[in-house]
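Okay, so here's the structure we're looking at.
The values are calculated or read from the model by the stated rules, or taken from the named source; none is laboratory data. Everything numeric here is computed off the predicted structure, so don't read it as measured data. We place every Cβ from the backbone using ideal geometry, glycine too, and count neighbours over all the protein chains shown. Calculation scope for accessible area: heavy atoms of the full protein, side chains included, ligands and nucleic acids excluded. Shrake-Rupley method; radii C 1.70, N 1.55, O 1.52, S 1.80 Å.
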Amino acid sequence: MTDLKTVLVADDEPSLRRVLGSIIQREGHRVVTASDGQAALTALRKGEVHTIITDLRMPQLDGMELLRRAIVEYPDIPVVILTAHGSVDSAVAAVKLGAFDYLEKPFEQQQIQQVLAKALRTNELRRREMRLGGAAATNGRFGLVGTSAPMRTVYNVIEKVADTPSTVLITGESGTGKELVAKAIHEQSARHDKALIKVNCAAIPDALIESELFGHERGAFTGAVSAKPGRFELAESGTLFLDEIGEIPLEMQVKLLRALQDGEFDRVGGIKTVKVDVRLVTATNRDLGKEVESGRFREDLFYRLNVVPIHLPPLRDRRADIPLLVDHILEKFRSRLGKDVRALDPDALAVLATHDWPGNIRELENLLERTILFCEHETIAAADLPAPLGGGTSERPALVTGDSSLKEIVRAETERVERQLILSALEETGGNVTHAAKRLKISRKSLQNKMKELSLRDPEGGGQKG
Ligand SMILES: Nc1ncnc2c1ncn2[C@@H]1O[C@H](COP(=O)(O)OP(=O)(O)OP(=O)(O)O)[C@@H](O)[C@H]1O
Ligand SMILES: [Mg+2]
């Protein structure tokens, strides 16, 4: 019968496996059991599974880790979490991560039957969807890769609003693809054969931003030797993309608001008003709502920009897209770097699946680029991945997540690496700062300064010169 479904039950308690097993069998399904997460993974690799029911706390590889891997490697299989009475918090975390549902122990037979029926039905739908998606050979849309639910929402919004004049505010952490979305909106609009002008507001000094956006007349200020159109004018009939909009100073916000409301503005030092037809798309990795609350961003401008919000989810909230992104990135680098690295082995993929990706897709890209450069074979193994990842999944880089900018992330990452290098140099030289400095190819003084900066104890007490 084609209708026979297989349910994988992972729990370290034999009695629970037995009870669950018999309930599931009575429903007419096949049961495979595993006593820990590792065994569950083996079972998954061996054969067809339609739903997973797993305990959270298990030896070796726990339920959370099993969940993370299943989401990436078997995105069609719903994962139901079993949680001990009173530890609902972790179950909620699991559901946020992508678990299908959770059941609190002790559970009623009927609860299992209900959840199982829903999960199996979802599995069927997901499989059908994947087959259809596969037939259309899509791994995303508009140049963006990803088929996860949050990305499909993004595609829908892009499709609906691209060809309207409404302003769009794209939000999301650093490296989530905001610029790609801005491009997609322009390309899907009737303005696609006109200019897409990009301005990075964070890169322009406050004093110059007005003339950058609105242009200036000759002699408007020292250095304005000739008249120059601003980006608004250059974007005429096209799209203007103001990136890092959260960074523009308050006085500029007033002027921008006026330009948007009236569709016109003055060049700096200009007498006549310039009219433009420009579609505005903006992006920020800040929480503009919060910026409004704290008075750093004008509320009226915020509403004017936020007509159509598009939020890009962080990569850790759409882990199911990781394999597609990996394929896409490998393909991109294959030709660019001239290296024939074709795939990741399952262990390497598992490492990527469980990493938290504070730098999102940009971090994934950078990581794969580095890995490919040093990889001497066609398939990337876990050991080929850079140290903080490949070493093990439990040791995550001590990165700031959430709203941190790429700069902050890079700084934190640099500090972490510096600390490691210094500590191992000191270890190797038995705590001799002079020798450690030599090894690190820096002066003794710089090493001591660095150690102070990183709050590392100077084993020689510091102070004396070397
Ligand atoms: N969905 C995606 N599919 C494929 N590549 C992506 C996707 N999202 C982002 N990328 C790639 O990741 C990198 C970062 O993307 P992008 O510059 O658009 O991010 P961002 O959100 O603008 O980041 P920042 O806030 O740091 O400017 C780019 O190389 C981009 O091509
Ligand atoms: Mg960007």
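Would you confirm, using the coordinates I've provided, whether ASP243 is within 16 Å of ligand 2 (Cβ to nearest atom), in contact with a strand residue (DSSP E or B) (Cβ under 7 Å, 6 or more places away or on another chain) and either assigned by TED's automatic domain parsing to the domain that holds GLU179 or on the phi < 0 side of the Ramachandran plot (or both)? Yes: the conditions hold for ASP243.
Filtering the stretch 79-121 to residues that are of a type in the set (Asp, Glu) and more than 19 Å from SER15 (Cβ to Cβ) leaves ASP89, ASP101.
Does THR153 fit the bill of being part of a loop (DSSP other than H, G, I, E, B) and either within 16 Å of ligand 2 (Cβ to nearest atom) or open to solvent by 50 Å² or more (accessible area, probe 1.4 Å) (or both)? Against the criterion (part of a loop (DSSP other than H, G, I, E, B) and either within 16 Å of ligand 2 (Cβ to nearest atom) or open to solvent by 50 Å² or more (accessible area, probe 1.4 Å) (or both)), THR153 does not qualify. Scanning the stretch 48-79 for residues that are open to solvent by 20 Å² or more (accessible area, probe 1.4 Å), touching a strand residue (DSSP E or B) at 6+ places or on another chain (Cβ under 7 Å) and closer than 16 Å to LEU120 by Cβ returns a single hit, GLU48.
Taken over the stretch 1-42, residues that are of a type in the set (A, V, I, L, M, F, W, C) and farther than 14 Å from LEU82 by Cβ amount to 6.
When each of GLU233, GLU179, GLU159 is tested for being within 16 Å of ligand 2 (Cβ to nearest atom), more than 18 Å from PHE297 (Cα to Cα) and either open to solvent by 50 Å² or more (accessible area, probe 1.4 Å) or part of a helix (DSSP H, G or I) (or both), the lone residue that passes is GLU179.
Selection of the stretch 184-209 for residues being more than 16 Å from ligand 2 (Cβ to nearest atom) and in contact with a His (Cβ under 8 Å, 6 or more places away or on another chain) yields only HIS192.
The residues listed here are GLY359, GLY269; of these, the one that is open to solvent by 20 Å² or more (accessible area, probe 1.4 Å) and not hydroxyl-bearing (Ser, Thr, Tyr) is GLY269.
Going by the conditions given, is ALA119 touching a residue at least 12 places away in the same chain (Cβ under 8 Å) and within 16 Å of ligand 2 (Cβ to nearest atom)? So ALA119 fails the test. In this entry, ARG304 is excluded by the filter for residues that are buried (at least 19 other Cβ atoms within 10 Å of the Cβ), more than 16 Å from ligand 1 (Cβ to nearest atom) and assigned by TED's automatic domain parsing to the domain that holds HIS216. Counting the residues of the stretch 282-298 that are more than 13 Å from LEU256 (Cα to Cα) and more than 11 Å from ligand 1 (Cβ to nearest atom) gives 10. Screening ARG26, ARG45 for residues that are surrounded by fewer than 21 Cβ atoms within 10 Å (Cβ to Cβ) and within 31 Å of the chain's Cα centre (by Cα) leaves exactly one candidate, ARG45. Contact map, the stretch 409-434: first residue part of a helix (DSSP H, G or I), second residue open to solvent by 60 Å² or more (accessible area, probe 1.4 Å) and hydrophobic (A, V, I, L, M, F, W, C), Cβ cut-off under 8 Å, separation 6 or more or different chains; pairs are ILE409/VAL400; ALA412/ALA398; ALA412/VAL400; ARG416/ALA398. Among the residues examined, LEU169 does not qualify as in a helix (DSSP H, G or I), more than 12 Å from ligand 1 (Cβ to nearest atom) and of a type outside the set (Lys, Arg). Just one of the listed residues (ILE185, ILE209) is more than 16 Å from ligand 1 (Cβ to nearest atom), hydrophobic (A, V, I, L, M, F, W, C), assigned by TED's automatic domain parsing to the domain that holds GLY230 and out of contact with any Asp or Glu (no Cβ under 7 Å at 6 or more places or on another chain), and it is ILE209. Listed by position, the helices (runs of 4 or more DSSP H) inside the stretch 1-112 whose residues that are of a type in the set (Gly, Ala, Ser) number at least 3 are 14-26, 37-46, 88-97.
Taking first residues from the stretch 20-46 that are in the same structural domain as ARG57 (by TED's automatic domain parsing) and partners that are of a type in the set (D, E, K, R) and part of a loop (DSSP other than H, G, I, E, B), the Cβ contacts under 7 Å between residues at least 6 apart in sequence or on separate chains come to HIS29/LYS5; ARG30/LYS5; SER35/ASP12; ASP36/ASP12; GLY37/ASP62.
Here's the yes/no breakdown for (1) within 28 Å of the chain's Cα centre (by Cα); (2) among the charged types (D, E, K, R); (3) within 16 Å of ligand 2 (Cβ to nearest atom); (4) within 30 Å of ALA99 (Cβ to Cβ):
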{"site": "ARG304", "(1), (2), (3), (4)": "yes, yes, no, no"}
{"site": "ALA320", "(1), (2), (3), (4)": "yes, no, no, yes"}
{"site": "PHE333", "(1), (2), (3), (4)": "yes, no, no, no"}
{"site": "LYS339", "(1), (2), (3), (4)": "yes, yes, no, no"}
{"site": "ARG342", "(1), (2), (3), (4)": "yes, yes, no, no"}
{"site": "LEU349", "(1), (2), (3), (4)": "yes, no, no, yes"}
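Scanning the stretch 240-286 for residues that are under 34 Å from the mean Cα position of the chain (by Cα) and free of Cβ contacts under 8 Å to residues at least 24 places away in the same chain yields one hit, GLU251.
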